[in-house]
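J.: This is the structure, below, for whatever I ask next.
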Amino acid sequence: MPMDRETQLKLVNLRDEAGVLSLYVNADPRQEGATPPWKTRLDQGVKQLLEAVDNGTRSLLGRRVEELKIDIEALVHPGSPGVGRALFVALGTGETYTVGLQTPLTDRVALGPRSHIAPMFGAWAEGSPVGVAVVDGKGMRLLDSRFGKCEEVSGLLFELDTSEWRVMKGPGGHGRDFHSSSTQYDLFDYRVAEHLQKFLAAAHSTLEEHTAEFGWELLVVTGEPELVEAASKSLRNGVKAEVVPSQLVLSQKSPAQIQQALAPEIAAARRARDERLATDFAEAPPRAAIGSEEVLDALQGGRVDRLVIERDSVWSARKIPEGAVLADAVAPGEAEVATAIAEAQLGEAMIEMALASDARVSILGEGVDLGEKAGGVGAFLRW
């Protein structure tokens with residue numbers, strides 16, 4: 001299934017009294033071996049989990065794992081699509097979801113009352129949906145870029161009817177006649193350029209519709225400067241995504257080449273957006289909740305407009321070992337790991353509460369923080 005807001009909601013709301021099994025693998029093609037190392041870690045994690053749970057859960061878990069044998073084989077197969085892959089299954093109902101991304105995820109096995117979504121939201125911080133509008137003399141190409149994958153989704157073709165235009169052609173030669181002929185051609189080109197710019201300016205409604213449909217957080221408009229200005233000037237108040245102008249001319253490039261060329265600008269735009277968000281948060285009190293205790297209180301009261309979580313504090317998984325098994329039946333061996341797991345579980349509960357109250361959720365990129373007092377989490381309040 002594609003990773004979008006609808007998928008977010010489905011995964012966040014996936015609960016089961018018998019437990020939800022969440023399996024993550026990072027199929028890094030640089031890791032060689034007869035047996036993929038991520039498959040080894042997953043197999044070991046599932047085995048450890050089966051040995052740790054009680055008899056009733058062990059029987060149900062074992063049965064579901066056996067039923068999902070083909071799905072799990074696809075999850076770990078080197079030739080399957082996506083670098084980061086995840087499989088979620090509700091043990092009681094058998095409901096399953098699979099997600100594949102070109103963005104790396106962390107190897108992990110988790111069992112709990114709800115799906116384990118920390119790695120998925122960590123990936124969201126650096127690979128969330130971006131729209132790309134490539135403009136040139138032929139019109140506009142529209143592309144959707146998300147989690148390392150880019151595809152062309154739509155376009156607008158510029159067709160100019162010049163049948164009623166009168167182009168004056170003076171006689172050949174030098175001096176005045178040549179100047180008159182050149183002027184007429186310049187005027188013709190000017191009128192074509194003028195109509196093209198009007199055409200691109202009128203495309204704002206299409207861009208707004210696509211932004212809403214695809215959930216774009218950023219909209220990159222790229223091409224010749226005058227065409228980028230024409231296409232983006234009417235968007236500043238109407239489109240919900242942040243508009244990022246680029247002067248790269250990419251009209252003849254493939255979607256993959258366009259994504260690669262724009263990657264530095266998209267990364268810079270994401271970081272600038274996160275830094276502005278952190279700055280706004282520092283200036284937000286008293287319309288802000290600072291720290292987990294205040295944020296939880298505000299979430300319970302439905303007062304949160306935007307939940308903000310630092311990636312490094314909870315979502316990077318740096319404190320949780322690769323291939324770790326997260327379940328109530330498996331006690332972490334180190335206090336630091338236990339704390340990291342508790343933080344991740346708390347963060348997931350906060351995200352669930354935020355989405356349930358139609359609040360926005362922002363995971364800050366690496367290196368951007370909310371200040372020492374926040375302890376990694378904060379919120380902008382509605383009142």
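J.: Filter segment 209-221 for residues that are open to solvent by 70 Å² or more (accessible area, probe 1.4 Å) and acidic (Asp, Glu) and give the result.
T.: Of all residues in segment 209-221, those open to solvent by 70 Å² or more (accessible area, probe 1.4 Å) come to 209, 212-213.
Selection gives Glu209, Glu213.
J.: Please verify whether segment 283-302 includes one or more residues that are among the small types (Gly, Ala, Ser), at pLDDT 90 or above and either under 30 Å from Asp54 (Cα atoms) or in a strand (DSSP E or B) (or both).
T.: Quick first cut of segment 283-302, residues among the small types (Gly, Ala, Ser) only: 284, 288-289, 291-292, 298, 301-302.
From what's left, at pLDDT 90 or above: 288-289, 291-292, 298, 301-302.
Add one more test, that the residue is either under 30 Å from Asp54 (Cα atoms) or in a strand (DSSP E or B) (or both), and what stays is 288-289.
For segment 283-302, residues among the small types (Gly, Ala, Ser), at pLDDT 90 or above and either under 30 Å from Asp54 (Cα atoms) or in a strand (DSSP E or B) (or both): present.
J.: To continue, here is another question. Within segment 195-208, is even one residue of a type outside the set (A, V, I, L, M), open to solvent by 20 Å² or more (accessible area, probe 1.4 Å) and either modelled with pLDDT of 95 or more or within 27 Å of Gly365 (Cβ to Cβ) (or both)?
T.: Start the filter on segment 195-208 by keeping residues that are of a type outside the set (A, V, I, L, M), which leaves 195, 197-199, 204-206, 208.
Restricting the remaining residues to those that are open to solvent by 20 Å² or more (accessible area, probe 1.4 Å) gives 195, 197-199, 204-206, 208.
Pick out the ones that are also either modelled with pLDDT of 95 or more or within 27 Å of Gly365 (Cβ to Cβ) (or both) and you get 208.
Among the residues of segment 195-208, at least one is of a type outside the set (A, V, I, L, M), open to solvent by 20 Å² or more (accessible area, probe 1.4 Å) and either modelled with pLDDT of 95 or more or within 27 Å of Gly365 (Cβ to Cβ) (or both), which makes the answer yes.
J.: Could you check segment 79-97 and list, in sequence order, the residues that are in contact with a strand residue (DSSP E or B) (Cβ under 6 Å, 6 or more places away or on another chain) and either within 23 Å of Gln259 (Cβ to Cβ) or open to solvent by less than 30 Å² (accessible area, probe 1.4 Å) (or both)?
T.: Matches in segment 79-97: Pro81, Gly82, Gly84, Arg85, Ala86, Leu87, Phe88, Val89, Ala90, Leu91.
J.: Go through segment 367-383 and give me each residue that's farther than 26 Å from Pro332 by Cα and either open to solvent by 60 Å² or more (accessible area, probe 1.4 Å) or touching a Leu at 6+ places or on another chain (Cβ under 7 Å) (or both).
T.: Hits for segment 367-383 are Asp369, Glu372, Lys373, Gly378, Ala379, Arg382, Trp383.
J.: I'm trying to understand the selection: among the residues of segment 250-309, which are closer than 30 Å to Asp136 by Cβ and open to solvent by 70 Å² or more (accessible area, probe 1.4 Å)?
T.: Quick first cut of segment 250-309, residues closer than 30 Å to Asp136 by Cβ only: 250-273.
Scanning segment 250-309 gives Gln252, Lys253, Gln257, Gln260, Pro264, Arg271.
J.: Give the residue, chosen from Gly131, Gly122, that is farther than 30 Å from Tyr190 by Cβ, open to solvent by less than 50 Å² (accessible area, probe 1.4 Å) and assigned to a strand (DSSP E or B). Talk me through it step by step, then tell me what you get.
T.: Working: Gly122 fails: assigned to a strand (DSSP E or B).
Going through Gly131, Gly122 in turn, the sole match is Gly131.
J.: For segment 185-237, enumerate the residues that are among the acidic types (Asp, Glu) and closer than 19 Å to Cys150 by Cβ.
T.: Start the filter on segment 185-237 by keeping residues that are among the acidic types (Asp, Glu), which leaves 186, 189, 194, 208-209, 213, 217, 224, 226, 229.
Passing the criteria: Glu213, Glu217.
J.: Every residue in segment 8-61 that is part of a strand (DSSP E or B), open to solvent by 20 Å² or more (accessible area, probe 1.4 Å) and small (Gly, Ala, Ser), please.
T.: Within segment 8-61, Ala18 is the sole residue that qualifies.
J.: Among the residues of segment 222-246 satisfying the criterion of being in a loop (DSSP other than H, G, I, E, B) and not basic (Lys, Arg), which is surrounded by the most Cβ atoms within 10 Å (Cβ to Cβ)?
T.: Looking only at segment 222-246, we keep the residues that are in a loop (DSSP other than H, G, I, E, B), and these are 223-224, 233-241.
From what is left, the residues that are not basic (Lys, Arg) are 223-224, 234-235, 237-239, 241.
Details: Gly223: 25, Glu224: 14, Ser234: 17, Leu235: 21, Asn237: 6, Gly238: 11, Val239: 21, Ala241: 21.
By that ranking, first place goes to Gly223.
J.: Just need a number here: residues in segment 313-362 that are part of a loop (DSSP other than H, G, I, E, B), at pLDDT below 85 and either open to solvent by less than 30 Å² (accessible area, probe 1.4 Å) or among the charged types (D, E, K, R) (or both). Full working, then the answer.
T.: Step one: list which residues in segment 313-362 are part of a loop (DSSP other than H, G, I, E, B), which gives 316-323, 328-329, 331-334, 357-359.
Going one step further and asking which of them are at pLDDT below 85, we end up with 316-323, 328-329, 331-334.
Okay, now just the ones that are also either open to solvent by less than 30 Å² (accessible area, probe 1.4 Å) or among the charged types (D, E, K, R) (or both), so 317-320, 322-323, 328, 334.
Of the residues in segment 313-362, 8 are part of a loop (DSSP other than H, G, I, E, B), at pLDDT below 85 and either open to solvent by less than 30 Å² (accessible area, probe 1.4 Å) or among the charged types (D, E, K, R) (or both).
J.: To continue, here is another question. What's the number of the only condition in (1) part of a helix (DSSP H, G or I); (2) free of Cβ contacts under 8 Å to residues at least 60 places away in the same chain that Thr103 fails to meet?
T.: For Thr103, the exception is condition (1).
J.: Just wondering, is there one or more residues in segment 55-68 that are within 30 Å of Ser128 (Cβ to Cβ) and among the aliphatic types (A, V, I, L, M)? Before you say what the answer is, go through the steps one by one.
T.: Just the residues of segment 55-68 that are within 30 Å of Ser128 (Cβ to Cβ), to begin with: 68.
Filter once more, keeping what is among the aliphatic types (A, V, I, L, M): 68.
There is at least one residue in segment 55-68 that is within 30 Å of Ser128 (Cβ to Cβ) and among the aliphatic types (A, V, I, L, M).
The values are calculated or read from the model by the stated rules, or taken from the named source; none is laboratory data. Since we're looking at a predicted model, the values are computed, not measured. Using ideal geometry, Cβ is built from the backbone for each residue, glycine included, and neighbour counts are taken over all protein chains shown. The area values use the complete protein model at the heavy-atom level, side chains included, leaving out ligands, DNA and RNA. Shrake-Rupley method; radii C 1.70, N 1.55, O 1.52, S 1.80 Å.
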